[in-house]
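What follows is calculated from the coordinates using simple rules that are stated; it is not laboratory data. Because the structure is predicted, anything quoted here is derived from the model rather than measured. Don't worry about glycine lacking a Cβ; one is built from the backbone with ideal geometry, like all the others, and counts go over all protein chains shown.
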2 protein chains.
Amino acid sequence: MRKIAESTVRRLSLYLRFLEEFEHRGIETVSSEALAARGGTTSAQVRKDLSFFGSFGKRGLGYSVLELVGKLRGILGLGRHYRVAMIGAGKIGSALVQYRGFKARGFEIVHIFDTDPAKIGREWNGLTVRDVKQMAAEFERLPVDIAVIVTPAEAAQAVADRVVKLGITAILNFAPAQLTVPEDVVVKTVNLALELEALSYALT
Amino acid sequence: MRKIAESTVRRLSLYLRFLEEFEHRGIETVSSEALAARGGTTSAQVRKDLSFFGSFGKRGLGYSVLELVGKLRGILGLGRHYRVAMIGAGKIGSALVQYRGFKARGFEIVHIFDTDPAKIGREWNGLTVRDVKQMAAEFERLPVDIAVIVTPAEAAQAVADRVVKLGITAILNFAPAQLTVPEDVVVKTVNLALELEALSYALT
DNA sequence: CTAGATTTGTGAAACATTTCACATAAGCCC
DNA sequence: GGGCTTATGTGAAATGTTTCACAAATCTAG
């Protein structure tokens with residue numbers, strides 16, 4: 001497939017959000033102009049973004065909300081089911097486990113690991129927190145597609161190395177650390193420090 | 001000042017992180033090459049990024065770690081102190097309040113608001129959760145620079161409108177909603193759904 | 001069926017960011 | 001000091017992204 005810019009993919013996600021909103025309100029058809037207005041971009045941008053993947057609209061009329069929702073879900077790979085392992089049973093992990101957006105997008109958390117003996121063995125949203133040392137065995141028992149790293153910064157790289165060695169190719173990283181991984185592994189990092197500093201810079 | 005790309009600012013934040021790491025390890029001098037290697041970019045990129053703000057290196061030698069840390073902190077506006085109001089006393093808010101990175105960057109949470117009567121009046125990390133209705137009065141008593149929105153998506157826009165009306169010009173938004181604000185207000189949105197979908201797309 | 005009004009899809013132009021490549025400066029060694 | 005090495009700073013080139021502008025398609029009304 002042609003290489004698509006990250007910024008384009010993020011906008012597609014936004015469009016999907018707005019389309020779901022329109023669908024909920026019973027709107028059947030939407031123009032690139034209307035979608036752009038809702039998302040703070042331009043109609044040309046919307047059309048260009050969509051055109052990378054096909055022609056979904058009708059000239060003179062616009063896009064069918066229902067159809068476009070389906071297309072975008074397909075493009076973004078939201079049709080399928082992903083099994084997720086969470087590594088780190090701390091505060092952020094706890095907030096994430098209850099985040100409904102995971103399940104809504106087909107991401108199911110099936111393992112939780114930690115190194116803290118005080119946490120190991122505890123029940124967490126129907127799952128037992130396991131020792132990180134049992135990761136290999138647990139992955140064998142129930143393989144996963146994605147690892148979510150929610151450890152302190154110091155531990156993050158070691159955890160990443162470990163899950164990569166166990167065959168994981170997708171990581172969502174919340175630790176404030178820059179992870180180094182092989183080329184074929186996809187990492188998305190959510191780094192609050194970067195956001196704070198970008199905000200701080202904007203206030204200069 | 002010349003307009004600087006968001007991507008540049010984010011890289012500067014990363015460089016700062018690495019430099020602090022080097023400083024901690026007692027390294028006194030660093031080359032653009034070394035900094036690039038640590039951050040997964042190129043030496044030319046590092047030099048170009050820095051060159052927007054001045055000439056901080058010595059030819060043939062590199063950059064003084066200590067000096068560059070200071071310069072970057074200055075550039076990013078991390079020298080000063082910001083007062084922060086958190087709106088929404090839920091799970092994510094709770095995790096954020098304990099996030100040490102806030103204080104480390106001079107962001108001090110001085111107010112917490114919610115609409116839920118069960119939460120109003122409770123103590124939270126030394127602060128009393130107040131009713132959102134008291135926001136105007138509380139801001140008058142103790143003004144703030146930044147609002148952090150941690151409400152459900154449905155409430156986020158209304159809250160944004162409210163804080164903007166009270167004179168806030170910087171918002172950090174964790175609600176999965178696209179906020180519409182006047183031009184002079186800076187918004188940074190951390191949207192987990194977008195990250196998930198970008199990850200999902202990458203796995204297609 | 002024709003004329004007029006919309007709105008898409010897309011090359012081409014404009015703009016932005018990254019990479020290249022090299023002159024220039026500084027340190028080091030003899 | 002002179003020659004060699006290293007590494008910065010920066011115009012220019014290459015690459016990437018967004019905006020423009022318009023032909024083509026579809027709908028509506030008479």
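Can you tell me which residue in the stretch B:59-77 is farthest from B:PHE22 (Cα to Cα), limited to those that are touching a strand residue (DSSP E or B) at 6+ places or on another chain (Cβ under 8 Å) and not β-branched (Val, Ile, Thr)? Out of the qualifying residues, it is B:LEU61.
When A:MET86 is tested against (1) under 18 Å from B:GLU195 (Cβ atoms); (2) within 12 Å of chain B (Cβ to nearest Cβ), only condition (2) is not met.
For A:VAL30, the conditions (1) among the β-branched types (Val, Ile, Thr); (2) within 14 Å of chain B (Cβ to nearest Cβ); (3) more than 30 Å from A:GLN134 (Cβ to Cβ) all hold with the exception of (2).
A:PHE113 - would you say it is hydrophobic (A, V, I, L, M, F, W, C), away from DNA strand C (no atom under 16 Å from the Cβ), within 12 Å of chain B (Cβ to nearest Cβ) and surrounded by 21 or more Cβ atoms within 10 Å (Cβ to Cβ)? In short, no. A:ARG80 passes every criterion in (1) more than 8 Å from DNA strand C (Cβ to nearest atom); (2) more than 14 Å from chain B (Cβ to nearest Cβ) apart from (2). Note on the stretch B:149-180: residues that are touching a helix residue (DSSP H, G or I) at 6+ places or on another chain (Cβ under 7 Å), hydrophobic (A, V, I, L, M, F, W, C) and crowded, with 18+ Cβ neighbours inside 10 Å amount to 9. Here the condition is being of a type in the set (Asp, Glu) and within 12 Å of DNA strand C (Cβ to nearest atom); of B:GLU67, B:GLU33, it holds for B:GLU33 alone.
Give me the helices (runs of 4 or more DSSP H) completely within the stretch A:128-204, filtered to those with at least 1 residues that are touching a strand residue (DSSP E or B) at 6+ places or on another chain (Cβ under 7 Å) and either over 19 Å from A:ILE92 (Cβ atoms) or at the interface with chain B (Cβ under 8 Å from one of its Cβ atoms) (or both), ordered by residue number. It would help to see each step written out before you state the result.
Values: elements: A:135-141, A:153-165, A:192-202.
Counting at least 1 such residues, we get A:135-141, A:192-202.
The numbered conditions (1) within 14 Å of DNA strand D (Cβ to nearest atom); (2) out of contact with any helix residue (DSSP H, G or I) (no Cβ under 6 Å at 6 or more places or on another chain); (3) without any contact (Cβ under 8 Å) to a residue 40 or more places away in the chain are all true for A:PHE52 except (3).
Scanning the stretch A:111-126 for any residue that is closer than 30 Å to B:ARG17 by Cα, assigned to a loop (DSSP other than H, G, I, E, B) and of a type in the set (A, V, I, L, M) turns up nothing. A:GLU21 meets the conditions (1) free of Cβ contacts under 8 Å to residues at least 24 places away in the same chain; (2) within 14 Å of DNA strand C (Cβ to nearest atom); (3) among the acidic types (Asp, Glu) in every case but one. The failed one is (2). Exactly one residue out of B:VAL187, B:VAL148 is out of contact with any Gly (no Cβ under 7 Å at 6 or more places or on another chain) and more than 30 Å from A:ILE4 (Cβ to Cβ), and it is B:VAL148.
Within the stretch A:28-43, residues that are over 22 Å from B:PRO182 (Cβ atoms) have Cβ atoms under 7 Å from residues that are within 8 Å of DNA strand C (Cβ to nearest atom) and of a type in the set (D, E, K, R) in these pairs: A:SER32/A:ARG47; A:SER43/A:GLU33, counting only partners at least 6 apart in sequence or on another chain.
Out of all the residues in the stretch B:11-18, is one or more within 12 Å of chain A (Cβ to nearest Cβ), more than 15 Å from DNA strand C (Cβ to nearest atom) and of a type outside the set (A, V, I, L, M)? Checking the stretch B:11-18: at least one residue is within 12 Å of chain A (Cβ to nearest Cβ), more than 15 Å from DNA strand C (Cβ to nearest atom) and of a type outside the set (A, V, I, L, M).
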